[in-house]
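Taken together, the values in this text are just the output of simple stated rules run on the coordinates, not laboratory data. The structure presented is a predicted model; accordingly, all values stated were derived computationally and were not measured. For neighbour counting, all protein chains shown are included, and Cβ atoms are generated from backbone atoms with ideal geometry for every residue, glycine included.
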Ligand SMILES: Cc1cc2nc3c(=O)[nH]c(=O)nc-3n(C[C@H](O)[C@H](O)[C@H](O)COP(=O)(O)O)c2cc1C
């Protein structure tokens, strides 16, 4: 058996296969469709200060090798989350990472503080500063180095749990944003969130997404995700979590070689909610077959031409 164990900040994970925010609900619902106990970690959908209905439909459309979504952070809000979801995590062996989204710095801090004082058993927080699907939201932070550093350092003061900042590919220089988050005290960075995209029905000239723009995800974005991870890997010293278009163990290995210590599987869960478990088994075989040993030894080992 290969050694699939990995470490992000102070937390050890049994394997590097996490499921991505927005594609696995609040963490426990999917247990009716898949075994969630062996996943490396589950990242919840973004939780906001107040409940949100999200954007009007149509808000999902299939595109070549991917999909566009404009869900708009539909969720039950932090109060209901603390009351109804966090208690369910007591039964769960899989670490839960709570994803948080806010429209102001104060709002992000309030959500995190409320959760901390509920003495929850979550492993850490992933901070969504990269959602392209809301009018006033995290994206404002994710494109600005100063705002990213300031928000990260305020959140850092509020928790000792794992603090992960989630980066957007919709920026000029993703490495600069990563450096800012590292300077602010983040334990790790995850990359990437979706890319801004559009899809049009030519028969009636209508947009296939209600508000016009959506976030592109799925295999179509894997090369972009890999490039972003490698750029950030070259610029920071904290661990990275690779996201974007992962459907199989070979994709995971590519992300690890590019610099990721773990990965998140997103859109692929819509085709098969159990895909994470299949990838864990496949990854074990792939590493063994190639005598690759452990995940930790492979991080960032891509060879580039001179
Ligand atoms: C339907 C849908 C909803 C999403 N919702 C969120 C969300 O609430 N918060 C967040 O940080 N990312 C969200 N994402 C982005 C994913 O977590 C992930 O970063 C992105 O989809 C790229 O990974 P993938 O290609 O494996 O899907 C969502 C993605 C999809 C497809």
222 nm mean residue ellipticity, helices alone, for the chain (DSSP H n ≥ 4; -39,500 (n - 2.57); rounded to 500): -8000 deg cm²/dmol
Highest mean first, how do 121-127, 19-25 rank when packing is the count of other Cβ atoms within 10 Å averaged over residues? 19-25, 121-127
Take each of the peptides 33-43, 86-96, average the number of other beta-carbon atoms within 10 Å over its residues, and list them starting from the highest. 33-43, 86-96
Shape call for region 121-279, from the Cα gyration tensor axes a ≥ b ≥ c (a/c under 1.5 means rounded, otherwise prolate when a/b beats b/c, else oblate), comes out oblate
Rank the residues 28, 6, 84 as a footprinting-exposure proxy: fewest other Cβ atoms within 10 Å of their Cβ go first. 84, 28, 6
Of the beta bridges DSSP finds with both residues in the chain, what % are antiparallel, to the nearest 5? 40
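Rounded to the nearest 5, what % of DSSP beta bridges with both residues in region 55-198 are antiparallel?
25
What percent do you get for the relative contact order of region 112-267 when only Cα pairs under 8 Å and 6+ apart count?
19
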In vacuum, with every alpha carbon of region 120-203 counted as one equal point scatterer, what does the Debye formula give for log10 I(q)/I(0) at q = 0.27 Å⁻¹? Two decimals, please. -1.33
Gyration tensor verdict on the chain (Cα atoms; rounded if a/c is under 1.5, prolate if a/b is larger than b/c, oblate otherwise): rounded
For Cα pairs less than 8 Å apart in space and 6+ apart in sequence, what is the mean separation divided by the residue count of region 41-164, i.e. the relative contact order in percent? 26
Can you give the relative contact order of the chain as a percent, counting alpha carbon pairs under 8 Å and 6+ residues apart? 21
When a footprinting reagent is the concern and you count Cβ atoms within 10 Å, what order do 189, 147 take, fewest first? 147, 189
Taking a ≥ b ≥ c as the square roots of the Cα gyration tensor eigenvalues, with a/c under 1.5 meaning rounded and otherwise prolate when a/b beats b/c, else oblate, which class fits region 229-306? oblate
How many angstrom lie between the C-alpha centres of region 214-237 and region 22-95? 22
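When the chain is fully extended, how far beyond the present Cα-Cα distance does residue 92 get from residue 80, taking 0.36 nm per residue of separation?
2.4 nm
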D (µm²/s, integer) via Stokes-Einstein for region 19-69, Kirkwood Rh across alpha-carbon pairs, 37 °C, 0.692 mPa s: value 252
Give me 299, 82 ranked fewest to most by other Cβ atoms within 10 Å of their Cβ, as a rough exposure proxy. 82, 299
